[in-house]
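These notes are about the structure you will find just below.
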Amino acid sequence: MFLADKIYRFYIAENPEKQELEQLSNIIINNNFDLYYSLKEILKLDLLYSEKSLNSIIYKNPLDLTISTNKLF
């Protein structure tokens, strides 16, 4: 559920519903926690292209991305 929540908040929207998190967590579990194959399946879901997802897109400008990546080093 933790990974499903993080993926949902990053790719879809800020406020996940329990049903949607369960769907994502089942995909992750069925792929034996291999995130590569899990993300390939998640990115194909209609949930990613739903009205909820498209209305809550959070854009980051290049400066925000630069600052957040420089914090790692």
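Side notes on the structure shown:
- Scan of region 1-30 for residues that are over 13 Å from Leu45 (Cα atoms), part of a helix (DSSP H, G or I) and of a type in the set (D, E, K, R), ordered by number: Asp5, Lys6, Arg9, Lys18, Glu22
- Region 1-52, subset among the basic types (Lys, Arg) and modelled with pLDDT of 85 or more, residue least open to solvent (accessible area, probe 1.4 Å): Lys40
- Pairs with Cβ under 6 Å, 6+ apart, first in region 2-30 and within 17 Å of Tyr49 (Cβ to Cβ), second small (Gly, Ala, Ser) and part of a helix (DSSP H, G or I): Ile12/Ser53; Ala13/Ser53; Leu24/Ala4; Ile27/Ser38
The values are calculated or read from the model by the stated rules, or taken from the named source; none is laboratory data. Keep in mind it's a predicted model, so treat the numbers as computed, not measured. Every residue, glycine among them, receives a Cβ derived from its backbone with ideal geometry; neighbour counts consider all protein chains shown. We work out accessible area using only protein heavy atoms, side chains counted, and drop any ligands, DNA or RNA first. Shrake-Rupley method; radii C 1.70, N 1.55, O 1.52, S 1.80 Å.
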